[in-house]
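Q: I have a structure here, written as structure tokens, and I will follow up with some questions on it.
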Amino acid sequence: MKLFSKKSYKQKGPKNNNADSENSTFIKKLGRYFSTEPQKEKVLSMEDFDGAGDVYYATVSAYYKVSERILVVVLIAFLLFSIIVNRREITYDNFYFLLRDIPAAADEANNVYETISYEADSRQYFVSYRGGIASVSPSKISIFTATGRRTLNTISEFSSPYAVSSDKYVLFYDMSGNTFSIYNSFSRIYTETLDDTIKCACLADDGSFAVVTRTTAGTWKTRVYTKKFKLRYEIETPVSNNKVTSNHIFGIAMDSERQKLALISYDMGNGMGRTSLSVYDISGDESLNGQLLEHRLEYGGEFPLKCGFMGKDSFAMITDGRIRIYDKDFEVTEKSFDFIERNLTGFHLSKNGVAVSAISDTKCMILAYGSNGEKIYDSSVSYNVKDIGVYEDYIFLQTDHGITRINTKTSEKVSLDSGQGKMLVYNESTAILCGESKAEYIVFKD
């Protein structure tokens, strides 16, 4: 059988060992590497061809070969670029943290939840963290995965412990002391002792954070840190008529994407009490430290409870008498609601939405807004509501007998019996109930 092949002929002549010859040879080899022509070692027989069909597929295969090799080159270039740009971040400690964090990430993706047991302490505080929980008491700091595995167990020195969490870290601090610490799933990665007493703190999604302190002179200071734990700004208490105001800061929120920082504070104002919302632009460099204030809004006769950034263009603030929803320019929208005539029994504010429960006579009003600031539920129930949470289209109510979940699209209510404790909302189908000595996952089946 006669074979088809291309013969290559080399012109005989004296050997050329200079640089031009070597460069020419390299270019020829590189050209053959990306050529769509069949490789010379590919010898095809007559039977390998079946008219135009095989010619078409051979051409497609050749182009796939070129694409594959281009992608290899792009990958190598990307890796080299990443190594050069992030060479300071490529350390032994970072590789160690990455390898240690892989089991915790796997537990977060696991849908099998277990009861989490821990030492009983009525003073401990809980936050949800990566599908599990983080707890802090005056004697111990612990972090658990959703499978019940304890990834961190260390000594606490916080007499009045508190915690805030994000998808990356947990920040523990002492509300009567001056020390705070930041942890991932298994280790402390940053700690600092300040000169002043810590009053509140917050974490942004990218790992940046802020800490509010009160000085011995009675003034307030907000320290804003980057995601690399570097101090970026120190924001002093707002001033009025060249005098330090007597505001007490009760809440703080930070949005790393919009580069905004919000503080809510309270002072006596005209004698009736006054809530203030201060919004700062933290996108500039450190030289703008004294020029960060963008908005300052005041509301008389109300006490602040919580503030937070929700969706891309939404912000919310809860006081003892009203929910206010703000747009991207911090203008109050028409969606805000007044519940001054009712007694507030629970409230929730996170990036997933805002909700309150307030009782009047025998009815408990339930009001919730989604992460985009749109109202998703406004109705009442005839039983006592002790706490409330919201996650996308679902509302979770903690009652005297257990947990009730409301589907805001269909108004369907499903109740499950449970014990008592601190309720944390994990996702649209799961709440975590943290009791005195154990945490229980309450899972609703769709």
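Q: Using only the alpha carbons of segment 365-405, what is the convex hull's orientation-averaged projected area in square nanometres?
A: Numbers: hull surface 10.9 nm².
Average of the hull's projected areas for segment 365-405 equals 2.7 nm².
Q: So, one more: Pairs 351/386; 140/260; 199/445; 230/438; 260/438; 328/375: which are spaced more than 28 Å apart, C-alpha to C-alpha?
A: Where the Cα-Cα span goes over 28 Å, the pairs concerned are 140/260; 199/445; 230/438; 260/438.
Q: Turning to a different aspect of this structure: On full extension of the chain, what length is gained from residue 384 through residue 176, given 0.36 nm per residue of separation minus the C-alpha to C-alpha distance?
A: Result for the pair: 71.5 nm of gain on full extension.
Q: Using per-residue counts of other Cβ atoms within 10 Å, averaged over each peptide, order 141-148, 311-318 from highest down.
A: Details: 141-148: 22.0, 311-318: 20.1.
Descending packing order for the listed peptides: 141-148, 311-318.
Q: What are the principal axis extents of the Cα atoms in segment 111-243, in Å, biggest first?
A: That works out to 58, 30, 21 Å along the principal axes.
Q: A further question on this structure: Could I have the simple spin-label model distance between residue 192 and residue 294, label points 7 Å from Cα toward Cβ, reported in nm to one decimal?
A: 2.3
Q: Bin by bin, in steps of 5 Å, what percent of the Cα pairs in segment 302-397 do you find, going until the bin that has the longest distance?
A: 3, 15, 28, 26, 18, 7, 2, 0
Q: Right, next: Dividing the Cα convex hull volume of segment 247-289 by residue count, how many Å³ per residue is that? Spell out each step's value before the answer.
A: Numbers: hull volume 3.2 nm³, N = 43.
Each residue corresponds to 74 Å³ of Cα convex hull volume.
Q: Using the beta-carbon distance between residue 75 and residue 206 and R0 = 35 Å, what value does 1/(1 + (r/R0)^6) give for FRET efficiency, to the nearest 0.05? Working shown, then result.
A: Values: r = 26 Å, r/R0 = 0.75.
It comes out at approximately 0.85.
Q: Take the eigenvalues of the Cα gyration tensor for segment 183-242, scale each by 5, and report the square roots as semi-axes in whole Å, largest first.
A: Working: eigenvalues 124, 34, 15 Å².
Over the Cα atoms of segment 183-242, the semi-axes work out to 25, 13, 9 Å.
Q: Give me the extension gain from residue 219 to residue 341: residue separation times 0.36 nm, minus the current Cα-Cα distance, reported in nm with one decimal.
A: Details: separation 122, 0.36 × 122 = 43.92 nm, distance 3.39 nm.
Computed gain between residue 219 and residue 341 is 40.5 nm.
Q: Sum up the charges of everything whose Cβ sits under 10 Å from the Cβ of residue 212, counting Lys and Arg as +1 and Asp and Glu as -1, but leave residue 212 out. Walk me through the numbers before you get to the answer.
A: Numbers: positive: 199, 214, 221, 223; negative: 196.
Net of charged neighbours comes to +3.
Q: Further question: Report, as a whole number in µm² per second, the diffusion coefficient that Stokes-Einstein gives for segment 353-446 at 10 °C and 1.306 mPa s using the Kirkwood radius over alpha carbon pairs.
A: Estimated via Stokes-Einstein, D reaches 119 µm²/s.
Taken together, the values in this text are just the output of simple stated rules run on the coordinates, not laboratory data. Here the structure is a predicted model, which is why all the values come from computation and not from measurement. Here Cβ is always computed from backbone atoms with ideal geometry, including for glycine, and neighbour counts include all displayed protein chains.
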